[in-house]
Each structure stands twice: as C-alpha cells, then as structure tokens.
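I have placed the structure first, in the form of structure tokens, so that the comments after it can refer back to it.
The values are calculated or read from the model by the stated rules, or taken from the named source; none is laboratory data. Remember, predicted model here, so these are calculated numbers, not experimental data. Here the Cβ positions follow ideal geometry from the backbone for every residue, glycine too, while neighbour counts run over all protein chains shown.
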Amino acid sequence: MKGKRSSVQGKRSDVAKKSLSPGQRIAIGLAVCAMGIGVVALGVHQLWPKADKFAAGEFAALPMGMTFALFGVLLALPRSVVRTRVLIAALMVSALALTADWIAFGPGDLGFRGGLSFATVRGPLQIARTIGRILFVIGTVLENLLALWAWVRFLWRSSGRGANTRAGSKP
C-alpha cells in the first residue's frame, strides 16, 4: 500500500514541476495574441456598416479581443521584463473591465434597465432579471477596482519605489 501511495505522490510532484519552455510560452502567447487580434478585426468588420456603432452588440468584441491579445503578449514576454509585464497586465485588466462596463451600462437590451414588477404576470421573471443585473453591476464595479489597482501597481513600479518588490528579485 505504501509503495502505491509514494509512486502516486511522485507522479504528482513531476507534473507540478513541469512548466512551459520559453519557446513554448512564446508560441502559445503569439497564438493567443493572434486570436485576440482576429476577434478585434472581426468586431471592426461587423461594426463598420452599422450607423450607431456604440449601440451595436458587436462593440463588446473589441475590448474582449484586446484582452485576449494582451494576454498573449503577456504570455510571450519573458518574466525578466517586469515593468512591461505590469503595464500589459494593467491594460489587459482594463480592457476586460471595459467589456463588463459596456455590457452593464451600455445602450440597448444589455444595459441595466428594468425594475421590480409585482403587478405583471411575468413578475418573478422580471425580479430575477433585475437581481441578475444588479449582481453583474456589482461584479463590474469590482472589476473596475481591480483595474484601478493594476494601474496603481504599474505607476508604483514605474516611480522606482516598487521596482524591487517582486519575490526573488535581486537589487
């Protein structure tokens, strides 16, 4: 019984120790970045003929594609370029927050509209929709706070005060 247990633990530690080589990280990063750029290009292509571009549902594809493209860049960059990685991370979180902001507060049916309605037959459905939208708005506000924190962290590192605060960095 002990022999089986130790071999299982050995396999787990081998799997946990494996990580991507720099070449693999770059290849995956470039693939994810290309996918994000493709989503942005498709969104621009879909938005081009529309009269009211901000009211179109395809508008949300732009910051979402930017998020994927920036994540790909973050994967491809070496870990040694800390300031650039922090900048890319701040841009990525901001693009993701922008997507949620547009969904929560943007025009059209996706916007935060509606109220509690007890007089209609669809009353419980309207209440559930409103609660769902309220929870989505709370998540959006938290995501905006995360983006703000990412920018504060970037500015802190750029000022030189937080340049050597990364674990394992040498002065």
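Below, the figures for the structure above:
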| quantity | calculated |
| --- | --- |
| Test result for P22, surrounded by 10 or more Cβ atoms within 10 Å (Cβ to Cβ), of a type outside the set (D, E, K, R), at pLDDT below 90 and within 21 Å of A89 (Cβ to Cβ) | yes |
| Where a residue in the range 139-167 is within 18 Å of V81 (Cβ to Cβ) and its partner, wherever it lies, is exposed (fewer than 13 other Cβ atoms within 10 Å of the Cβ) and modelled with pLDDT under 90, with Cβ under 6 Å and at least six apart | R157/R83; N164/P171 |
| Near pairs, Cβ below 6 angstrom, 6+ apart or cross-chain, from the range 83-99 (at negative phi and without any contact (Cβ under 8 Å) to a residue 40 or more places away in the chain) to any residue that is of a type in the set (G, A, S) and surrounded by fewer than 19 Cβ atoms within 10 Å (Cβ to Cβ) | T99/A60 |
| Residue check for L98: of a type in the set (A, V, I, L, M) and modelled with pLDDT of 85 or more | yes |
| Residue in the range 137-156 that is in contact with a Phe, Trp or Tyr (Cβ under 8 Å, 6 or more places away or on another chain), outside any loop (DSSP other than H, G, I, E, B) and either among the polar types (S, T, N, Q) or at pLDDT 65 or above (or both) present | yes |
| Among residues of the range 33-78, those that are surrounded by 19 or more Cβ atoms within 10 Å (Cβ to Cβ) and not in a helix (DSSP H, G or I), counted | 0 |
| Conditions (1) at pLDDT 80 or above; (2) more than 23 Å from A34 (Cα to Cα); (3) surrounded by fewer than 17 Cβ atoms within 10 Å (Cβ to Cβ); number of the one not met by V81 | (2) |
| Pair list, Cβ under 6 Å, 6 or more apart: the range 57-78 residue in contact (Cβ under 8 Å) with a residue 60 or more places away in the chain, other residue surrounded by 22 or more Cβ atoms within 10 Å (Cβ to Cβ) and part of a helix (DSSP H, G or I) | none |
| Selection status of Q9, modelled with pLDDT under 90, farther than 28 Å from S94 by Cβ and not small (G, A, S) | yes |
